[in-house]
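Before any comments, here is the structure.
We did not get these values from a lab; they are worked out from the coordinates using the rules stated. All of these numbers come straight from a predicted model, not from anything done at the bench. Note that each Cβ is placed from the backbone with ideal geometry, even for glycine, and that neighbours are counted across all protein chains shown.
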Ligand SMILES: Cc1cc2nc3c(=O)[nH]c(=O)nc-3n(C[C@H](O)[C@H](O)[C@H](O)COP(=O)(O)OP(=O)(O)OC[C@H]3O[C@@H](n4cnc5c(N)ncnc54)[C@H](O)[C@@H]3O)c2cc1C
């Protein structure tokens, strides 16, 4: 294994490695066969060079926003933070004895390590389903889904067999959490409004959108009253909602649910997630979703200088596991930064991590949302305005905020989708070894 040496003048206590986006500058001279500072971008699946605002991914997947509107380059975000360095590499393990983060045949040392490697879709023992029912986790997922959705309409336009046309115009969403619900609403508006006048041989308003949920109701994380209203709203938008019915099989032609075969050319997975393999790297205890069970200060039991935060960890509060949402990740990140700073300064922060629940929001279509903040429960247009304000606030970068506001205003009045591009990837591995 090549060693990546520290070439800075950092003392032992000020080396903090945060994944992704690590510190420690590698010395190319020490890594002749695997030059980390040269370009070695074989674009592994999980690696991205940008910060991504996942809550708006479904807007990219349904052509409402462009990828750059919800992404910001990590390097640019950290431009002015001179003590942070960014390397685009895939972490493959952690050597907790030697205190090194492994990246294939390279490694970097750490004094403190913060792992925040997120989660990926869980196909519950059917990894082969991923091929037919892609999920929505990354910008590549979103642009691939956009292509798949738009191509289904294009294929239907030239298809002459009516049965085949029906299959092409049927969209199945597996899992009725916020992702499934928001996608269902967005596909409905795309098909029933945005595309309605654009085709000559098909009527896109005949598009069938089916949302399938194994649990007895949709939106398990929201109060039942809000979930009920959301379901009503979806039905008025032409979405078929089936609850208490798990998908038992699926392939390229559709899904099997409740013993019934539903033919569908597009299946989208939003039924569950598993954590990144951080638990395996650390040899730490994990829960059923593979999340590392962390202590009250978000460190890994037995390794006080290793922290795991966000979707790849599970922290308990009042006897309950904290949910895999952005606020838990953000607040966890801030807390751990304070713990490490205090330790470096010789102070001990004894306060355990305390998550402050700021509420839940979800949207269904262009002017309807549900809001659950403390005792406040809202539905409808005002809830949607609040949803809009919150999402614009959390978008990184002035340009992105401006574009998003403009796109939403434009789409609100015209129903048009500005990013209706069908793009194909030609060359993936520009700089492969
Ligand atoms: C479609 C969608 C909609 C959502 N909507 C909401 C919402 O409305 N509200 C809300 O609160 N939450 C929402 N969430 C959840 C929220 O986005 C996550 O909880 C949050 O992003 C978790 O942050 P994280 O830093 O733990 O992980 P992530 O944001 O997933 O970041 C993990 C990063 O680690 C990188 N990585 C993974 N493996 C490796 C490796 N081996 N080496 C190097 N890098 C690696 C990944 O590329 C990624 O950049 C949504 C999620 C999705 C997918």
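Quick notes
- Treating each Cα of the range 284-323 as an identical point scatterer and summing with the Debye formula, the log10 of I(q)/I(0) at q = 0.14, 0.20, 0.35 Å⁻¹ comes to -0.24, -0.50, -1.31.
- As a rough guide to protection, the peptides 47-58, 410-421 ranked by mean Cβ packing within 10 Å, highest first, stand as 47-58, 410-421.
- Size-normalised alpha-carbon gyration radius of the range 158-238, reference 2.2 N^0.38 Å: 1.22
- When each of the peptides 118-125, 210-217 is scored by how many other beta carbons lie within 10 Å of its residues on average, the order from highest to lowest is 210-217, 118-125.
- FRET efficiency for residue 357 and residue 160, using Cβ-Cβ distance with R0 set to 60 Å, rounded to 0.05: 0.65
- For the range 82-110 versus the range 167-246, the spacing of their alpha-carbon centroids is 42 Å.
- The chain: angle of helix 224-236 to the longest principal axis, Cα-based, in degrees nearest 10: 50
- For the range 127-271: Kirkwood Rh in Å [reciprocal of mean 1/r, alpha carbons]: 15.3
- Cα convex hull of the chain, projected area averaged across orientations, nm²: 22.2
- Acute angle (nearest 10 degrees) that the helix 178-189 long axis makes with the longest principal axis of the chain, alpha-carbon atoms: 40
- Model label zone, residue 288; criterion: amide N under 13 Å from point 7 Å along Cα-to-beta-carbon; scope the range 120-137: 124-125
- Overall dimensions of the range 75-144 as given by Cα atoms, namely Rg and Dmax in Å: 16.5, 45
- Taking 0.36 nm per residue of sequence separation and removing the Cα-Cα distance, the residue 305/residue 394 pair yields an extension gain of 29.1 nm.
- Value at 222 nm in deg cm²/dmol, rounded to 500, when DSSP H runs of n ≥ 4 in the chain each add -39,500 (n - 2.57): -8500 deg cm²/dmol
- Rounded to the nearest 10 degrees, the angle from helix 398-414 to the longest Cα principal axis of the chain is 10 degrees.
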